[in-house]
Every structure is written in structure tokens, then in C-alpha cells.
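Notes to accompany the following structure.
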Amino acid sequence: MRMSKRKKSNRKIHTRDLRERILIVCEGGKTEPNYFRKFPIDENKCYVKPMGVGYNTYSLVRRAIEIGQTSLLPFDQIWCVFDRDNFPAQNFNNAFEIAEHNNINIAYSNEAFELWYLLHFHRYINAMSRDQYQEKLTELLGHKYVKNSENIYDELIDRQPIAIENAKALLILHSENSDSGRNDPAKDNPSTTVHKLVEELNKRLLRHK
């Protein structure tokens, strides 16, 4: 008896991506995503998705939660990156509260993300405006600082350990000067926790032999 040939199936077999997945949702459309995209992540082990959505503080966290809930594959970590700027303290504090309740990490800067760049050079303890950030960066970099730069990571990478140390020292300084002994992100100017996200990404870098 002749056996009939089995028909080939056109169905694709879906396999789960077993890599770790990290989502970075940024307030800025280009400045922050461009910076985080330059980390040489080991893509065989970790998928990192930086994206700028144009939202801020509380709205940004809500958007990050929505993206995480509708993603076809779950994220192991979700980070929100935003600035203090001149947003009401209530909006800023609400962002932290809702993030904590939804397992969202925050990398904030008070007053702006450029503070993280400045900390690669010096430990600044006095509040500055955005314009002052850009003026100082132009002086320190030796050329005009341009927002949305795709090269700033490479320009600063050798100084990154200094920035991490300075960012941590600022948080300690503010907590020591606080009546409660705790940090108050809405009031601690200047301060940033961008270093926490940077340290997470550094754990997942491609290691060259």
C-alpha cells in the first residue's frame, strides 16, 4: 500500500526570545534615547529598547506601564527617564508613587538630563538652569554642545566612573542635609539617578576578548 506524502505546513513555529529584555522610556525624543542606544550591549543575552515618547513625569510613567502591558513579550525591567524641569512637585512625586506600585524604575534628573553629562567632569552642588548646563558643556567639551548628539556617549565614556561617583555623592549630600535623612527628588537640585540605569546597562555590555 502506497503511503501518501505528507503536506508541508506553512505555519511558522514561534519560539520565545529567551534574552533578558529592558525597556527604557524617555521623556526626550532624541537626547536620552540616542545616549542609551550607544551602550554596546551583548545582544545575544539582552535586548534593550530605548524610546522617546514626548511625555513627562506622571504621564510618562503611565505610558511606560501601558507599553509594558501591551508588549507581545514581557520586559524584565522597565525604566522611565525624565527631568524635574519646572513641573509641579505634585506631578513629579506622583510619578514616583505610581512607578513604585507598578515595578517601574526611575532615572530622573533635577533639573535636566544634561546634569548627568556635567558630572563626568565635576561635582556640581549648586542649582543651575538648562542654559547654564549647555554653556558649561560647550566649555568642557571644547566644542558647542548640541542636543540630540549621537556621539556624546563616546565623548564621555572614559569619564563615566567619575560621573557615577559624583551622582552618588550628590544623593548622599542631599540626604545628609535633609531633616528626614532621605532624598527628596523634587527638591534636591542638582541631583540625578541616571547612574543607576547606567550601572544596570554596564552589567550587560559586550565583553571583547
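The values are calculated or read from the model by the stated rules, or taken from the named source; none is laboratory data. What you are looking at is a predicted structure, and each value in this text was computed from that prediction instead of being measured. Neighbour counts run over all protein chains shown; Cβ positions are idealised from the backbone, glycine included. Just so you know, the surface numbers come from the protein's heavy atoms only, side chains and all, with ligands and any DNA or RNA stripped out. Shrake-Rupley method; radii C 1.70, N 1.55, O 1.52, S 1.80 Å.
Taking the longest Cα principal axis of the chain as reference, the axis of helix 57-70 is set at about 10 degrees. Beyond 29 Å in Cα-Cα separation lie the following of the pairs Lys38/Lys168; Lys136/Lys168; Lys38/Lys187; Lys49/Lys168: Lys38/Lys187. For Val48, the residues 5 or more places off, or on other chains, whose built amide H falls under 5 Å of its own are Ile22.
For the chain, the longest principal axis of the Cα atoms and the long axis of helix 130-141 meet at an angle of about 80 degrees. Seen against the Cα atoms of the chain and their longest principal axis, helix 160-177 is set at about 60 degrees.
Report in % the part of the accessible area of the chain that belongs to carbon and sulfur, leaving out ligands and nucleic acids; probe 1.4 Å. Kindly include the intermediate steps, with their values, before the conclusion.
Numbers: 5920 of 12800 Å².
Exposed carbon and sulfur together represent 46 percent of the surface.
With the simple spin-label model, which puts each label point 7 Å out from Cα in the Cβ direction, the Ser129 to Asn94 separation comes to 2.8 nm. Phi-derived couplings, Karplus 6.51 cos²θ - 1.76 cosθ + 1.60 at θ = phi - 60°, listed residue by residue for segment 93-98: 5, 4, 4, 5, 5, 5 Hz, with x used for Gly and Pro.
Computed from these coordinates, which is Cα extents along the principal axes in Å: [x] 89, 39, 27; [y] 50, 40, 39; [z] 45, 39, 32? Of the listed options [x] 89, 39, 27; [y] 50, 40, 39; [z] 45, 39, 32, [x] comes from this structure.
Can you show me the helix-derived [θ] at 222 nm for the chain, built from DSSP H runs with n ≥ 4 at -39,500 (n - 2.57) apiece and divided by the number of residues, rounded to the nearest 500.
Working: 8 runs with 83 residues, N = 209.
Roughly -12000 deg cm²/dmol at 222 nm, from the helical runs in the chain.
The length gained on full extension between Leu140 and Ile157, counted as 0.36 nm times the residue separation minus their Cα-Cα distance, comes to 4.7 nm.
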